[in-house]
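Below is one structure, written out as structure tokens, with a few remarks after it.
The values are calculated or read from the model by the stated rules, or taken from the named source; none is laboratory data. Everything quoted here is computed from the prediction, not taken from an experiment. Don't worry about glycine lacking a Cβ; one is built from the backbone with ideal geometry, like all the others, and counts go over all protein chains shown.
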Amino acid sequence: MWGRLSKKISAYSSEDQKLINEAYLIAEKFHKGQKRESGDPYISHPVAVAEELIALKLDATSIAAALLHDVIEDTTITKEELKKKVGPAVVKLVDGLTKLERVRFEGFKRKVESTRKMFLAIAEDIRVVIIKLADRLHNMRTIGALRPDKQKRIAEETLELYAPIAYRLGIGEMKGELEDLAFPILFPEEYAWLKKEVREELPKRKQCLGTIAPIVERELKKEGIENFEINFRAKHYYSLWKKLQRYNLDLSKVTDLVALRIIVESPEDCYRVLGIIHMLWRPLPGRIKDYIAMPKPNGYQSLHTTVFCEHNVIAEFQIRTKKMHEEAEFGIAAHWLYDEYGKPKKGVRGNVEKTSWVKKLQEWQREFAPSDSEEFIEALKIDFFKDRIFVLTPKGEAIDLPEGSTPVDFAYHVHSEIGDHMTGAKVNGKMVSFLHTLVSGDTVEIITQKNKRPSMDLLSMARTASARGHIRSALRKLGIKMQTKNPKKAKTKEITFRIVRTSRIGLLKDIATLFSKENVDILKTDSDITDVNKPHLVIRCRIPRGCDLERLMVRLRRIKGVNELEIKA
Ligand code: MN
């Protein structure tokens, strides 16, 4: 089995290969004699998981951990022994996987969303999540050997927990396969019906698109577009099934059963190709989607369009660059493939420190884990799960931030030095306040001054956990005391919130609910509409002893309709 594996890792450095080999030898030795339910030797399973990760081009530490993912749980080797042999980095990942294994998801249906978050929080390292997904993928591929009731439980968990996580991480290929493996187990009749329908329809559609592809190819060449690839992508069964339920099971209404995918070199080419297709055929109104300018929250990028072709055939096109394509298939794992400038990396590098997602997760862990796990999950929610916005640096580099971020978050995201020294912010060329809420597509420029220092105020203007973490540590360095560490000393005090709001029914109620939860006494509310463009809500209230004002402000800002927030003593 090593022979097959060793061929697949030839792109890794010799040091990496040595580590993977060492891990393999340990796994082989300690799983010796163990069998899977299918009767296969147990080692076939960790090897298959490792192969999946090699296909995703993950680093050697992850691959070694994949090979060893069941040894602590299922064999006699101890953590200390393992650490001596493969080092602490691998063991840390194995440990994370073992911890996840112990979490029971029985009855999780009621709180599926928090279970997904918890899953990520426990994993602690995004690589643990990816290894776990690969583990589940192989278990699903071999699920036939299990008892039917066990199959059902695992398939359900796959559909509700694992597939959505793969989707969140943008690993589209894995999400699709996980769902398609669970589908026939959970909905056998529906699956059988769909398969029969598609068996008749799919070849027809493919044939139609087959006549269109050469026309597109000829036209692209004529327009001077080079190095492109055209292929078909058939929709995954489960996502087709979900779509059909919205269309009264009428397959003729699903226009993207098969789509033509055009992969080009640059984003500019994507738009040119879109133009060329629209010159050839009339687009269906409302079906042009620009996920390049506005990527989906999970990072997916492409141009989509649906057109009326010859003989009234409706065809869907997906246009993207090679990088976008790999990111759509590999998602977060694709960050191992490219350097920070978006150029493909040579070979495979073990260095994952630089990939932004991984770095972010690690930062959060340092800030919140493990003593304050509720805060950690909160942070994941803000920074990881809420819809993200995409803003640009003056150089045109896209930066993704959580929705509702301010220029302060942007500054710290670019570099903590820039955040620490910021004196002003411009959005689309105009000066704005630090509390300005950024929206997708904004170009943000931060003005800095060398001798400027961060202050307490800055803390209330940042929304992301990482910016707040940076500010806190800068304040600490400057010797500035932060409030509420010692609640006994703090006194009740009266303050006024000035809130720039969007008019919304229930806004006041939401604010009042939050205040009552935090034991904040509302003394007086007022409305200030002197500036029609910026209607203010003025709330005078009494803050109780030990109330974390900073946290209260974060919660307030999270309420829909609260756009800007200011405090007056
Ligand atoms: Mn396993």
Do we find that Ile43 is more than 17 Å from His138 (Cβ to Cβ) and of a type outside the set (Gly, Ala, Ser) in this structure? no
Condition check for Arg472: touching a residue at least 12 places away in the same chain (Cβ under 8 Å) and either closer than 16 Å to Leu552 by Cα or not assigned by the TED database to the domain that holds His421 (or both): no
Check whether at least one residue in the range 165-181 is within 16 Å of the ligand (Cβ to nearest atom), among the hydroxyl-bearing types (Ser, Thr, Tyr), within 23 Å of Tyr300 (Cβ to Cβ) and assigned to a helix (DSSP H, G or I), and report yes or no. no
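Yes/no per residue for (1) of a type outside the set (Lys, Arg); (2) touching a residue at least 12 places away in the same chain (Cβ under 8 Å); (3) under 19 Å from Pro407 (Cβ atoms):
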{"site": "Ser460", "(1), (2), (3)": "yes, yes, yes"}
{"site": "Thr502", "(1), (2), (3)": "yes, yes, no"}
{"site": "Gly506", "(1), (2), (3)": "yes, no, no"}
{"site": "Thr530", "(1), (2), (3)": "yes, no, no"}
{"site": "His536", "(1), (2), (3)": "yes, yes, no"}
{"site": "Arg540", "(1), (2), (3)": "no, yes, no"}
{"site": "Pro544", "(1), (2), (3)": "yes, yes, no"}
{"site": "Lys560", "(1), (2), (3)": "no, yes, no"}
Of residues in the range 68-95 being assigned to a helix (DSSP H, G or I) and within 11 Å of the ligand (Cβ to nearest atom), the one surrounded by the fewest Cβ atoms within 10 Å (Cβ to Cβ): Glu73
Taking the stated definitions as given, is Ile471 under 28 Å from Gly419 (Cβ atoms), of a type in the set (A, V, I, L, M) and surrounded by 14 or more Cβ atoms within 10 Å (Cβ to Cβ)? yes
For the range 412-434, what are the residues that are out of contact with any His (no Cβ under 8 Å at 6 or more places or on another chain), surrounded by 18 or more Cβ atoms within 10 Å (Cβ to Cβ) and in contact (Cβ under 8 Å) with a residue 40 or more places away in the chain? His413
I'm trying to understand the selection: among the residues of the range 507-538, which are part of a loop (DSSP other than H, G, I, E, B), within 19 Å of Leu435 (Cα to Cα) and either among the acidic types (Asp, Glu) or in contact with a helix residue (DSSP H, G or I) (Cβ under 6 Å, 6 or more places away or on another chain) (or both)? Asp531
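The rows are residues; the columns are (1) assigned to a loop (DSSP other than H, G, I, E, B); (2) under 22 Å from the mean Cα position of the chain (by Cα).
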| residue | (1), (2) |
| --- | --- |
| Asp409 | no, yes |
| Gly419 | no, no |
| Met431 | no, no |
| Leu435 | yes, no |
| Leu438 | yes, yes |
Within the set of pairs 6 or more residues apart or between chains, which connect a residue that is free of Cβ contacts under 8 Å to residues at least 60 places away in the same chain inside the range 58-75 to a residue that is away from the ligand (no atom under 12 Å from the Cβ) and assigned to a loop (DSSP other than H, G, I, E, B) with Cβ atoms less than 6 Å apart? Val71/Ile77
Looking at the structure I just gave you, is Cys541 surrounded by 13 or more Cβ atoms within 10 Å (Cβ to Cβ), hydrophobic (A, V, I, L, M, F, W, C) and touching a helix residue (DSSP H, G or I) at 6+ places or on another chain (Cβ under 7 Å)? yes
Residue among Ala490, Ala569 that is surrounded by 15 or more Cβ atoms within 10 Å (Cβ to Cβ), of a type in the set (Gly, Ala, Ser) and either closer than 22 Å to Asp457 by Cα or modelled with pLDDT under 80 (or both): Ala490
Among (1) in the same structural domain as Glu550 (by the TED database); (2) surrounded by 18 or more Cβ atoms within 10 Å (Cβ to Cβ) - the single one Leu514 does not satisfy: (2)
Going through Gly224, Gly210 one at a time, which residue ends up being without any contact (Cβ under 8 Å) to a residue 12 or more places away in the chain, out of contact with any strand residue (DSSP E or B) (no Cβ under 6 Å at 6 or more places or on another chain) and assigned to a loop (DSSP other than H, G, I, E, B)? Gly224
Residue selected from the range 111-152 under the condition at pLDDT 95 or above and of a type in the set (Val, Ile, Thr), by the criterion surrounded by the fewest Cβ atoms within 10 Å (Cβ to Cβ): Thr142
Specify the residue that is farthest from Arg558 (Cα to Cα); the eligible residues are those in the range 500-518 that are of a type in the set (Val, Ile, Thr) and modelled with pLDDT under 90. Ile505
